Amino acid sequence: MAARVHEHGHPTRVPEIRKGDEVVVLTGKDSGKRGTVERIVRPDRLVVEGLNIAKRHTKPRQTSGRTDRMPKVQQGGILDIAMPLDVSKVMLVCPKCDHPTRIGHTTLEDGHRVRVCGHCGEALEVTT
């Protein structure tokens, strides 16, 4: 399968950081900490597991369940929620050489574009 091409003739952009990648935070209160990307919120925002934690105060609420006799009650309290980080504030960690690295791109013989480590040149695979 060949790489997909836009109408402008350029190949499609490979996402720099994906779900399941290990990243290190560069700036902010969690700088220097490592974590796994939990989800991508927008192309420029991502949630890292266990980092950028905010306290969310919730009230107990009644939710209608399947049975009308016993309404379910959502428990209130203080929840710790991981908030989104900007992609520019994190750097990918290479799983092979274990260094924070910039990401390069290479096209394989079969036409697929892959991300490669800037240090060791190995292809970066996502294990989700």
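The values are calculated or read from the model by the stated rules, or taken from the named source; none is laboratory data. Just so it is clear, the structure is predicted and the values come from calculations on it, not from any experiment. All Cβ positions, even for glycine, are placed from backbone atoms using ideal geometry, and neighbour counts span all protein chains on display. Keep in mind that these areas ignore ligands, DNA and RNA; they rest on the heavy atoms of the full protein, side chains included. Shrake-Rupley method; radii C 1.70, N 1.55, O 1.52, S 1.80 Å.
Taken over the stretch 98-128, the criterion of being part of a loop (DSSP other than H, G, I, E, B) and within 20 Å of the chain's Cα centre (by Cα) is satisfied by ASP98, HIS99, ARG102, GLY118, LEU124, GLU125, VAL126, THR127, THR128.
One line per residue, one yes/no per condition, for (1) over 30 Å from VAL23 (Cβ atoms); (2) in contact (Cβ under 8 Å) with a residue 40 or more places away in the chain; (3) of a type outside the set (A, V, I, L, M):
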site: ALA54; (1), (2), (3): no, no, no
site: THR63; (1), (2), (3): yes, no, yes
site: GLN74; (1), (2), (3): yes, no, yes
site: MET83; (1), (2), (3): no, no, no
site: PRO95; (1), (2), (3): no, yes, yes
site: ASP98; (1), (2), (3): no, no, yes
site: THR107; (1), (2), (3): no, yes, yes
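The test for being out of contact with any Ser or Thr (no Cβ under 9 Å at 6 or more places or on another chain), closer than 18 Å to HIS99 by Cα and not acidic (Asp, Glu) holds for LYS33. The set of residues in the stretch 113-128 that are touching a residue at least 60 places away in the same chain (Cβ under 8 Å) and surrounded by 13 or more Cβ atoms within 10 Å (Cβ to Cβ) comprises ARG113, VAL114, ARG115, LEU124, VAL126.
Yes/no per residue for (1) open to solvent by 80 Å² or more (accessible area, probe 1.4 Å); (2) closer than 22 Å to CYS94 by Cα; (3) touching a Leu at 6+ places or on another chain (Cβ under 9 Å):
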position: LEU26; (1), (2), (3): yes, yes, no
position: SER31; (1), (2), (3): no, yes, no
position: VAL37; (1), (2), (3): no, yes, yes
position: ARG42; (1), (2), (3): yes, no, no
position: VAL47; (1), (2), (3): no, yes, yes
position: GLY50; (1), (2), (3): no, yes, no
position: LYS55; (1), (2), (3): yes, no, yes
